[in-house]
Each structure stands twice: as C-alpha cells, then as structure tokens.
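Novice: Could you have a look at this structure, given as structure tokens, before my questions?
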C-alpha cells in the first residue's frame, strides 16, 4: 500500500491478486469511495499451470475467505480460463 501510494499517489479503483500476500492491497482498495473492483485469480489448474491449494508455491486462504465475505470477483483458472498459456 505504501508503494502504491508513493508511485500512483492515490488509492486504486481496481486491484487484482493471486495470493494471501495481496489481501491487504485488495482490502485497502475496497474501502475507497465509489465503484471498486477487487479480483482474485485462483490457481486451480494443476494440469495446465499449477494449483495453489495445498502448495508451497503460494497460499490463497485468507484472501479467498475475505473475497467470499465481501463479494469480490474470484476467477478460477480451471473453470474460467479457456487458455492459460498462448499456443506456440
């Protein structure tokens, strides 16, 4: 949040993240005035990319619970993405 304020100079209207490490940024964005979009990318596709839960790569438990409670957008890689990587 400090870096966002330092470089952007204001609270964002959109925040996207993919781990519990992004929860503070999402929460901080959410409490701003006016319309806001908070989005979590849930790494659920072990076949095409990787799955976070359970994983040592990243954790998405606390932020996911807050997203559910506050009605933030949660995007499942497995369920919502037709393509994860561009075709070569």
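The values are calculated or read from the model by the stated rules, or taken from the named source; none is laboratory data. Everything quoted here is computed from the prediction, not taken from an experiment. Here the Cβ is made from the backbone with ideal geometry for all residues, glycine too, and neighbour counts use every protein chain on show.
Novice: Considering region 1-55 alone, what residues qualify as being part of a helix (DSSP H, G or I) and in contact (Cβ under 8 Å) with a residue 12 or more places away in the chain? It would help to see each step written out before you state the result.
Specialist: Looking only at region 1-55, we keep the residues that are part of a helix (DSSP H, G or I), and these are 2-8, 20-30.
Hits for region 1-55 are 4, 20, 21, 22, 23, 24, 25, 26, 27, 28, 29, 30.
Novice: Quick one: which residue in 14, 26 is modelled with pLDDT of 95 or more and surrounded by 15 or more Cβ atoms within 10 Å (Cβ to Cβ)? Walk me through how you get there before you give the answer.
Specialist: On the way: 14 fails: surrounded by 15 or more Cβ atoms within 10 Å (Cβ to Cβ).
On inspection, the qualifying residue turns out to be 26.
Novice: Given the condition exposed (fewer than 12 other Cβ atoms within 10 Å of the Cβ), within 13 Å of residue 19 (Cβ to Cβ) and either out of contact with any strand residue (DSSP E or B) (no Cβ under 9 Å at 6 or more places or on another chain) or at pLDDT 95 or above (or both), answer yes or no: does some residue in region 43-64 qualify?
Specialist: Within region 43-64, one or more residues are exposed (fewer than 12 other Cβ atoms within 10 Å of the Cβ), within 13 Å of residue 19 (Cβ to Cβ) and either out of contact with any strand residue (DSSP E or B) (no Cβ under 9 Å at 6 or more places or on another chain) or at pLDDT 95 or above (or both).
Novice: Restricting to region 65-88, name every residue that is touching a helix residue (DSSP H, G or I) at 6+ places or on another chain (Cβ under 9 Å) and at pLDDT 95 or above.
Specialist: The answer is 66, 67, 70, 72, 73, 74.
Novice: Of the residues that sit in region 69-84 and are surrounded by fewer than 11 Cβ atoms within 10 Å (Cβ to Cβ) and either assigned to a loop (DSSP other than H, G, I, E, B) or without any contact (Cβ under 8 Å) to a residue 24 or more places away in the chain (or both), which one is nearest to the chain's Cα centre (by Cα)? So that I can check it myself, show each step before the final result.
Specialist: Step one: list which residues in region 69-84 are surrounded by fewer than 11 Cβ atoms within 10 Å (Cβ to Cβ), which gives 69, 71, 79, 82-83.
After this cut, where a residue has to be either assigned to a loop (DSSP other than H, G, I, E, B) or without any contact (Cβ under 8 Å) to a residue 24 or more places away in the chain (or both) as well, the list is 69, 71, 82-83.
Working: 69: 14, 71: 13, 82: 18, 83: 18 Å.
If we take residues in region 69-84 being surrounded by fewer than 11 Cβ atoms within 10 Å (Cβ to Cβ) and either assigned to a loop (DSSP other than H, G, I, E, B) or without any contact (Cβ under 8 Å) to a residue 24 or more places away in the chain (or both), then 71 is nearest to the chain's Cα centre (by Cα).
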